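What follows is a set of notes on a single structure, which appears directly below.
The numbers here are math on the coordinates, done by the rules we state, and not lab data. As the structure is a prediction and not an experimental result, all values here were calculated from the model. Here the Cβ positions follow ideal geometry from the backbone for every residue, glycine too, while neighbour counts run over all protein chains shown.
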Amino acid sequence: MPTPTADDADLRQLAEVHAAFARLKQEVGRVIVGQHDVVEQVLVAILSGGHCLLVGVPGLAKTLLVKSIAESLGLSFSRIQFTPDLMPADITGTEVIQEDRSTGARELRFLPGPIFAQVVLADEINRTPPKTQAALLEAMQERQVTVGGARQPLPRPFFVLATQNPIEQEGTYPLPEAQRDRFLFEVRVRYPSEEEELQIVRQTTLASGAGLSPILSAEQMLAHQEFVRRIPAPEHVLRYATLLARSTRPDDSGAPEFVRQYVTWGAGPRASQSLVLAALARAGLHGRPCATLDDLRAVAAPVFRHRLVLNFSAEADNIGPDDLVRRLLECIPREAGA
């Protein structure tokens with residue numbers, strides 16, 4: 001199958017995207033030890049214009065990672081610590097009555113909340129009740145909030161990078177499936193290797209170094225996001241993404257037997273869209289002029305793992321979403337989309 005071609009202007013911009021994100025990974029690496037897959041997946045999500053759910057135990061530098069990326073991008077950063085008593089107005093902002101001292105006139109004035117930042121860290125997102133989660137959902141999906149009946153647009157670019165502790169579940173409010181589906185990726189943050197942990201100890205117990213330097217501006221990031229959507233995806237890549245998503249649905253005629261055995265609900269059409277968009281962004285990040293099956297297969301696990309609802313048989317057999325994605329990639333041949 002012929003590979004789509006790009007003109008000289010697109011190739012120059014592709015080189016700029018590749019170089020900028022290579023520098024960005026290097027800059028973040030000055031603070032974050034290891035976690036190369038995590039950093040790349042977060043950068044792919046940001047380049048796609050999507051949101052990320054970071055899942056990992058406390059102490060794995062999830063907050064530091066998000067803050068470092070925001071600093072390296074030169075974007076405004078806000079951290080919201082989600083708690084059971086957090087109300088929607090605490091994150092979106094509220095209207096207050098303000099008096100003009102010269103005239104005595106009173107008027108309503110909107111005071112923006114912490115959601116009005118370009119990179120928002122929603123720390124322990126599952127600790128807040130559904131009402132507040134719904135307010136965050138509107139911000140994620142619509143890039144706006146509604147306060148007092150008036151719509152308030154959020155700054156651009158806008159990313160929500162949420163964290164979730166997979167261990168402690170007491171006093172938590174599980175995210176609704178509709179909200180989980182709004183995240184482009186669920187990124188698993190795992191323990192560091194022995195050598196990486198030793199480097200972390202060295203790096204964090206000595207004198208702190210200089211801050212990070214911004215690599216991209218907000219305008220450049222928006223231009224790069226627009227560009228990756230122009231990167232071509234061959235027809236067989238699109239078909240493979242659709243086939244992969246449909247194969248996760250137990251009632252689909254093409255679903256493998258192990259999907260019928262372990263899955264209650266499969267991924268919806270947003271998963272197919274996310275697969276392709278993330279593959280385009282990954283191709284741009286690596287400097288490739290078109291998306292490939294390797295790009296698509298590389299993002300399959302973070303795209304699917306929060307969109308699959310498994311049954312008791314999966315729990316009994318110790319089968320997780322990543323196991324199912326791995327088996328899907330093994331049983332669906334590369335030429336299936338041709």
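Show me the ranking of peptides 220-226, 65-71 by mean Cβ neighbours inside 10 Å, starting with the highest.
65-71, 220-226
5 Å is the cut-off here: which amide hydrogens, built 1.01 Å from N in the peptide plane, fall below it relative to TRP265, excluding neighbours closer than 5 in sequence?
VAL309
Could you order the peptides 26-33, 243-250 from most to least packed, using the average number of other C-beta atoms within 10 Å per residue?
Highest-to-lowest ranking by the protection proxy: 243-250, 26-33.
Calculate how steeply helix 269-285 sits against the longest principal axis of the alpha-carbon atoms of the chain, using the helix alpha-carbon long axis, and give the answer as 0 to 90 degrees to the nearest 10.
90 degrees
Would the stretch 10-56 count as rounded, prolate or oblate if I go by the C-alpha gyration tensor, calling it rounded below 1.5 in a/c and otherwise prolate when a/b exceeds b/c, oblate otherwise?
Judged from the Cα gyration tensor, the stretch 10-56 comes out oblate (a/c at least 1.5, b/c at or above a/b).
Looking at the stretch 89-171, which GluC sites (Glu not before Pro) are in a loop (DSSP not H, G, I, E or B) and have at most 10 other Cβ atoms within 10 Å?
The qualifying sites are GLU170.
Calculated from DSSP H runs of 4 or more alone, at -39500 (n - 2.57) each and per residue, what is the 222 nm mean residue ellipticity of the chain, nearest 500?
Per the formula, -13500 deg cm²/dmol.
Between SER253 and ARG190, what is 0.36 nm times their sequence separation minus the Cα-Cα distance? Round to one decimal in nm.
My answer for the length gained is 19.1 nm.
Taking the mean number of other Cβ atoms within 10 Å as a proxy for protection, how do you rank 160-167, 39-46 from highest to lowest?
39-46, 160-167
Taking amide H positions as placed 1.01 Å from N in the peptide plane, with prolines and chain starts having none, which residues 5 or more places from VAL145, or on another chain, fall under 5 Å of its amide H?
For VAL145, whose amide H was placed from the backbone, the distant partners under 5 Å are GLN152, LEU154.
Filter the chymotrypsin sites (Phe, Trp or Tyr not before Pro) in the stretch 71-141 down to the DSSP loop ones having no more than 13 other Cβ atoms within 10 Å, then list what survives.
Answer by residue number: there is no such site.
Nearest 0.05, what FRET efficiency do GLU107 and ARG156 give at R0 = 30 Å with Cβ-Cβ as r?
0.60
In nanometres, what is the gap between the two model label sites at GLN141 and MET87, each 7 Å from Cα along Cα-to-Cβ?
The answer from the label model is 2.4 nm.
Could you tell me the largest-minus-smallest coordinate of the C-alpha atoms of the stretch 241-329 on each of the three principal axes, in descending order and whole angstroms?
Cα extents, longest axis first: 43, 25, 17 Å.
Using the scaling law 2.2 N^0.38 Å as the reference, what is the normalised Cα Rg of the chain?
Normalised by 2.2 N^0.38 Å, the Cα Rg of the chain equals 1.07.
Just check the stretch 43-185 against the gyration tensor rule for me: Cα atoms, a ≥ b ≥ c as the square roots of the eigenvalues, rounded for a/c under 1.5, and otherwise prolate or oblate depending on whether a/b exceeds b/c.
prolate
Give the separation of the Cα centroids, the stretch 39-53 to the stretch 113-146, in Å.
Each part reduced to its Cα centre gives a spacing of 17 Å.
Which aspartates and glutamates have a Cα less than 20 Å from the Cα of LYS131, not counting those fewer than 8 places away in the same chain?
Candidates past the 8-residue exclusion: ASP85, ASP90, GLU95, ASP123, GLU142, GLU170, GLU177, ASP181.
Treating cross-link reach as a plain straight distance, find the lysines whose alpha-carbon is under 21 Å from the alpha-carbon of LYS25, omitting any fewer than eight places away in the same chain.
Partners found: LYS62, LYS67.
First measure r as the distance between the Cβ atoms of LEU243 and SER217, then evaluate 1/(1 + (r/R0)^6) with R0 = 35 Å and state the FRET efficiency to the nearest 0.05.
It comes to 0.35.
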